[in-house]
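Structure, as structure tokens:
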Amino acid sequence: HLIPFKDIQPQPKDVRRAIEIKYQLPKAQYNKMGKKSNSKSGQLALSNDAIKLIKTVCEPEYDFLRTEFGSSFIDRI
């Protein structure tokens, strides 16, 4: 079950509830739902070489996701 981050970010409770329903899980109470525990700080700037390498390494994965789920899925990662 793949969910793009940009679908989770604005409505985390709705996404979690949809997963509970899909997999017939009991409704759970989630603590600290609005608190970020991992987010981009902007404190580190990657070099152009590093960005190029990451794109080269990740492109096959993005190609797979694009083929399987469409370009709109990629836009929501």
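The values are calculated or read from the model by the stated rules, or taken from the named source; none is laboratory data. In this text, all values refer to a predicted model and were calculated from it rather than measured experimentally. Cβ atoms come from the backbone with ideal geometry, glycine included; neighbour counts cover every protein chain shown. Side chains are part of the model used for accessible areas, which takes the heavy atoms of the whole protein and leaves out ligands, DNA and RNA. Shrake-Rupley method; radii C 1.70, N 1.55, O 1.52, S 1.80 Å.
Could we say that Leu2 is open to solvent by 60 Å² or more (accessible area, probe 1.4 Å), within 14 Å of the chain's Cα centre (by Cα), on the phi < 0 side of the Ramachandran plot and of a type in the set (A, V, I, L, M) here? Yes: the conditions hold for Leu2. Considering (1) in contact with a helix residue (DSSP H, G or I) (Cβ under 8 Å, 6 or more places away or on another chain); (2) on the phi > 0 side of the Ramachandran plot, say which one Lys27 fails and leave the rest. Among (1) in contact with a helix residue (DSSP H, G or I) (Cβ under 8 Å, 6 or more places away or on another chain); (2) on the phi > 0 side of the Ramachandran plot, the lone unmet condition for Lys27 is (2). Going by what's in this entry, would Ile19 be described as modelled with pLDDT under 90, surrounded by 11 or more Cβ atoms within 10 Å (Cβ to Cβ) and in contact with a Leu (Cβ under 8 Å, 6 or more places away or on another chain)? Judged against the criteria, Ile19 is not a match. With respect to the conditions (1) open to solvent by less than 100 Å² (accessible area, probe 1.4 Å); (2) more than 14 Å from the chain's Cα centre (by Cα), Gln43 falls short on a single one, namely (1). Taking first residues from region 56-67 that are under 16 Å from Leu2 (Cβ atoms) and partners that are aliphatic (A, V, I, L, M) and surrounded by 10 or more Cβ atoms within 10 Å (Cβ to Cβ), the Cβ contacts under 8 Å between residues at least 6 apart in sequence or on separate chains come to Tyr62/Ile74; Leu65/Ile74; Leu65/Ile77; Arg66/Ile74.
Entry remark, region 22-54: residues being at pLDDT 90 or above, within 20 Å of Pro4 (Cα to Cα) and basic (Lys, Arg) number 1 in total.
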